[in-house]
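Below is one structure; the comments refer to it alone.
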Amino acid sequence: MSMNTFGHLFRVTTWGESHGPALGATVDGCPPGVAITEATIQHWLDRRKPGQNKYTTQRREADAVRILSGVFEGQTTGTPVQLMIENTDQRSKDYGDIAEKFRPGHADITYWQKYGIRDYRGGGRSSARETAARVAAGGLARAAIETLAPGVEIKGYMTRIGAHEIDRDRFDWSQIDANPFWTPDAQAAQRWAEYLDGLRKSGNSVGAVVEVVARGLPAGLGAPVYGKLDTDLAAAMMSINAVKGVEIGEGMAAATLTGEDNADEIFMGNDGQPVYSSNHAGGILGGISTGQDVVVRFAVKPTSSILKTRQTITRSGEATDIVTKGRHDPCVGIRAVPVGEAMMACVILDHLLLHRGQVGENRGAIG
């Protein structure tokens, strides 16, 4: 199986399966001299790990990361950084009944059609467990960003569960870390808790929308045509398990606007730098960052593993029904928030390095 690596200069290769002995990431291209420890990375992994509340899978994994290479005396050396996370709470027997069946909504059937073999224990490589490795790599990327571009902040949050959206008039950054849904709307969090309780008890699931913002970025990241910042961000977010749609800035809603409404007017600020009247572009024009907030939004489908009887077929083509047992998220979008942040961090660092390599500093002065 190929294509397990992403990035240009900051390159991340993830490895491992959901029910294997371990999983992790090999990170190549991280600059030397970045201060990093296992505890620094662990902080971000703790946000993603399962079993933290009743709204996520009850699989109990410490997600304890080990740095095996590329770091000496608390700093990166410039050589590949190997990150490993051991699996400690596998229940492979939960999946014995589906070894010969294809779960609707899962990659079981396509993996079998393509490779002629599949790891039915929790989905193997296609499991969302793989995202733990991405979050570990994202922790390293955040540390490097702090070194290269201090002041950059990356923050993700949920804006929708099923048909229930936040009220942006109640948007409060301080609320994001204060509830289990990573949402900036405290009232929405209360409603979502009741709604998700009902779904969880009935054995059903629901989708979500996650928004990730990078604040404090310099202008100039990205390149025209094939090296666009938004191209890489869209690909990174779409690569996350269960993601079915990605938007930058106004996204699909831009199709409803006129050119007059959509164009972000430009003025000179008191500090001699351009300022914009709005941010419909999501902080990116022509594939290049404007210096505004970079805003990415992605839609996560409902968890396909549910305790509802569904129709399917066996490997031999016989009709049958299936109920997926085990421990599953009633809304996988909740734990997708730190994953989206990690992918944003990896892409931003990659483009900081590309920008530094191509032009060094921005060449076009204004004023």
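Is it fair to say residue 133 is in contact (Cβ under 8 Å) with a residue 24 or more places away in the chain and either among the acidic types (Asp, Glu) or touching a Gly at 6+ places or on another chain (Cβ under 7 Å) (or both)?
yes
Would you please list the contacts, defined by Cβ atoms under 9 Å and residues six or more apart or on different chains, that run from a residue in segment 18-41 that is farther than 12 Å from residue 75 by Cβ to a residue that is among the hydroxyl-bearing types (Ser, Thr, Tyr) and part of a loop (DSSP other than H, G, I, E, B)?
18/127; 19/127; 28/79
I'm trying to understand the selection: among the residues of segment 309-345, which are among the small types (Gly, Ala, Ser), outside any loop (DSSP other than H, G, I, E, B) and open to solvent by 50 Å² or more (accessible area, probe 1.4 Å)?
Answer for segment 309-345, where residues must be among the small types (Gly, Ala, Ser), outside any loop (DSSP other than H, G, I, E, B) and open to solvent by 50 Å² or more (accessible area, probe 1.4 Å): just 319.
Scan segment 58-71 and give yes if some residue there is in a loop (DSSP other than H, G, I, E, B), modelled with pLDDT of 90 or more and in contact with a Gly (Cβ under 9 Å, 6 or more places away or on another chain), otherwise no.
Taking every residue of segment 58-71 in turn, at least one turns out to be in a loop (DSSP other than H, G, I, E, B), modelled with pLDDT of 90 or more and in contact with a Gly (Cβ under 9 Å, 6 or more places away or on another chain).
All but one of (1) touching a helix residue (DSSP H, G or I) at 6+ places or on another chain (Cβ under 8 Å); (2) at pLDDT below 95; (3) in a helix (DSSP H, G or I) hold for residue 122; state the number of the condition that does not hold.
Exception for residue 122: condition (3).
Which residue is surrounded by the fewest Cβ atoms within 10 Å (Cβ to Cβ), if the candidates are limited to segment 114-143 and must be of a type in the set (Lys, Arg) and more than 12 Å from residue 27 (Cβ to Cβ)?
This residue is 114.
Filter segment 144-189 down to the residues that are of a type in the set (A, V, I, L, M) and buried (at least 22 other Cβ atoms within 10 Å of the Cβ) and list them by number.
144, 145, 154, 158, 161, 166, 188
Of the residues 13, 40, which single one is at negative phi, part of a strand (DSSP E or B) and at pLDDT 85 or above?
Just one listed residue meets the conditions, 13.
When you scan segment 285-298, do you find a residue that is closer than 22 Å to residue 161 by Cα, under 22 Å from the mean Cα position of the chain (by Cα) and not aliphatic (A, V, I, L, M), even just one?
Yes, segment 285-298 contains a residue that is closer than 22 Å to residue 161 by Cα, under 22 Å from the mean Cα position of the chain (by Cα) and not aliphatic (A, V, I, L, M).
Output the number of residues of segment 172-185 satisfying the condition of being touching a Lys or Arg at 6+ places or on another chain (Cβ under 8 Å), under 15 Å from residue 334 (Cα atoms) and in a helix (DSSP H, G or I).
So the answer is 1.
Run down 248, 284, 266, 288 and say which single residue is closer than 24 Å to residue 181 by Cβ and at pLDDT 95 or above.
248
Identify all residues within segment 353-366 that are over 12 Å from residue 232 (Cβ atoms) and either open to solvent by 20 Å² or more (accessible area, probe 1.4 Å) or acidic (Asp, Glu) (or both); write none if there are none.
Answer for segment 353-366, where residues must be over 12 Å from residue 232 (Cβ atoms) and either open to solvent by 20 Å² or more (accessible area, probe 1.4 Å) or acidic (Asp, Glu) (or both): 355, 356, 357, 358, 359, 360, 361, 362, 363, 364, 365, 366.
The values are calculated or read from the model by the stated rules, or taken from the named source; none is laboratory data. As the structure is a computational prediction, the values presented were derived from the model and not from experiment. Note: ideal-geometry Cβ built from the backbone for every residue, glycine included; neighbour counts use all protein chains shown. For accessibility, only protein heavy atoms count, side chains too; no ligands or nucleic acids. Shrake-Rupley method; radii C 1.70, N 1.55, O 1.52, S 1.80 Å.
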